[in-house]
1. Considering only helices (runs of 4 or more DSSP H) fully contained in segment A:214-332, which possess at least 1 residues that are within 21 Å of the chain's Cα centre (by Cα)?
2. Which of the residues belonging to segment A:324-341 are of a type outside the set (A, V, I, L, M) and in contact (Cβ under 8 Å) with a residue 40 or more places away in the chain?
3. In segment B:42-59, what residues are surrounded by 15 or more Cβ atoms within 10 Å (Cβ to Cβ) and either in contact (Cβ under 8 Å) with a residue 40 or more places away in the chain or of a type in the set (A, V, I, L, M, F, W, C) (or both)?
4. Just one of the numbered conditions (1) surrounded by fewer than 19 Cβ atoms within 10 Å (Cβ to Cβ); (2) more than 23 Å from A:K46 (Cβ to Cβ); (3) within 14 Å of chain A (Cβ to nearest Cβ); (4) not polar (S, T, N, Q) is not true of B:G66; which one?
5. Could you tell me which numbered condition A:M1 fails, if it satisfies all but one of (1) more than 21 Å from the chain's Cα centre (by Cα); (2) crowded, with 24+ Cβ neighbours inside 10 Å; (3) not acidic (D, E)?
6. Among the residues of segment A:38-50 satisfying the criterion of being within 9 Å of another protein chain (Cβ to nearest Cβ) and modelled with pLDDT under 95, which is surrounded by the most Cβ atoms within 10 Å (Cβ to Cβ)?
7. Determine whether A:L54 is closer than 30 Å to B:G66 by Cβ, over 15 Å from the mean Cα position of the chain (by Cα) and either within 14 Å of chain B (Cβ to nearest Cβ) or part of a loop (DSSP other than H, G, I, E, B) (or both).
Amino acid sequence: MIYLDNAATGFPKPESVVSEVNNCIKNYCGNPGRGSHELALASAEKIYECREALSDFFFLGSPERVVFTENATHSINLVIKGLLHRGDHVIISDMEHNSVFRPIYRMAKENGVHFDIFPTHPEERIVDNVKRLIRRNTKLVICTHTPNVSSAILPIAELGELCRNRGVVFALDAAQSAGHLPINMKDMKIDALCLPGHKGLCGIQGCGALCLGEEISLSTLTEGGNGINSLEADMPELSPERYETGTLPTPSIVGLLQGVREVASTGVERIHKHELALWQICYEALMRLGGVEVYEPDCAGAVLLFNFNRLPSDRVASELGRAGVCVRGGYHCSALGHKTLKTPPGGAVRVSFGLYNNEQDIDGLADALAHIKRKTE
Amino acid sequence: MTNEIYCTAALPSLTYAMKAQRVLSAAGLNSDIVKLDSSKTKHGCGYGVSFSCSETDSVKRALRSGGVNVKQYVSGGGELL
């Protein structure tokens, strides 16, 4: 089996992740923050270690401002719904995943929030485009670091600088960049960083995180028990417990801790370089096959989007699946991205690379596509 | 043999208790994370760190310089420090 769907979820997981998740489930998976016995404290200790690891990895400088969520989408919803009120204005890009677009759309439809979409093409005008859209009531700019349907990288440090100077909160959807591209919250002036645990950071499915800058305080998205101040009706004021309700998924958080350690020891720059090389090899292989349209061919990285021989993307993905090659067709939950890239009805095929892919995987993809070509011509 | 008396720094949450323990450890001070006695807390469940009462001044100094917000310090006998 050849796995080229790392933008959906990273696979396989590092052995150390699998081993520590197993160890947690077998040996110390108490309920963190719900007692003072050995297992509860052992879980809590690992969870705090994960807060520290994420805080260090993303240069947040404050483990207690790492909030565990269900996934990146949950983190994004927490920022959008915890920050915006009736009459506020928010700016997003034309490459957003539905994780950003749908909550914004609903806030506009039902809660009187206004939004604008900035074009990401041409790249050199992005910052000016955002600058032009900022109004007196603009409260938030939230955008992807790199989309799930292209390897373009938005100018995050410049956007962060602009937002900081204009008093606008800057939130980043790092679903496709965490563990793939360097992220420094301080240097890039990111106020809220939304992360999945199971993609580039090599954890398992079940948790994400929201890293919050010091100045940011949000309304809560959920309320409930968290083991603190049980006699009070209000949620605690301080992060992270203010935003974390119910039992945290300790095995998943332990997997994320181990995953971040793996990524940090490999080096995110090295991972990016590896993915750039794979993208180039894949692009050249597709060009040799012929009949391929690649979207954003100037942007190399972890994602390569294409259509093949004018076949419907889901048919190509399905044929590849039968040949043991895992890719994804369709619209990838990104109506905005596909519209911007002008893909045809039915979307496109996405190949996405990760830490464990190699050149042989690309050869396998090319062979399978050549087979589909012979069958369909 | 000495009977050491332990004091407690009550903290806003278990996360802050973890943070406090690391700050104290970095300052060379031993501490344990403890769940506060719910019959004595105003707001219900809470956590803190316990430490030797003889090191109270050093603990207060370390936590203050480490930016750890302590709700209150309690002596081994239960009175506020």
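The values are calculated or read from the model by the stated rules, or taken from the named source; none is laboratory data. Keep in mind it's a predicted model, so treat the numbers as computed, not measured. Cβ coordinates were reconstructed from backbone atoms using ideal geometry, including for glycine residues, and neighbour counts include every protein chain displayed.
1. On the way: elements: A:250-266, A:268-289, A:313-322.
Correct list: A:250-266, A:268-289.
2. Within segment A:324-341, the subset of a type outside the set (A, V, I, L, M) is A:324, A:326, A:328-334, A:337-340.
Across segment A:324-341, the qualifying residues are A:G324, A:C326, A:R328, A:H332, A:C333, A:S334, A:G337, A:H338, A:K339, A:T340.
3. Passing the criteria: B:C45, B:G48, B:V49, B:S50, B:F51, B:S52, B:C53, B:T56, B:V59.
4. Of the numbered conditions (1) surrounded by fewer than 19 Cβ atoms within 10 Å (Cβ to Cβ); (2) more than 23 Å from A:K46 (Cβ to Cβ); (3) within 14 Å of chain A (Cβ to nearest Cβ); (4) not polar (S, T, N, Q), the odd one out for B:G66 is (2).
5. All conditions pass for A:M1, except number (2).
6. Among them, the one singled out is A:L41.
7. no
Conditions tested, residue by residue: (1) of a type outside the set (F, W, Y); (2) on the phi > 0 side of the Ramachandran plot; (3) crowded, with 16+ Cβ neighbours inside 10 Å; (4) assigned by TED's automatic domain parsing to the domain that holds A:L278.
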{"position": "A:L304", "(1), (2), (3), (4)": "yes, no, yes, yes"}
{"position": "A:L320", "(1), (2), (3), (4)": "yes, no, yes, yes"}
{"position": "A:Y331", "(1), (2), (3), (4)": "no, no, yes, yes"}
{"position": "A:T343", "(1), (2), (3), (4)": "yes, no, yes, yes"}
{"position": "A:N357", "(1), (2), (3), (4)": "yes, no, yes, yes"}
{"position": "A:I362", "(1), (2), (3), (4)": "yes, no, yes, yes"}
{"position": "A:D367", "(1), (2), (3), (4)": "yes, no, no, yes"}
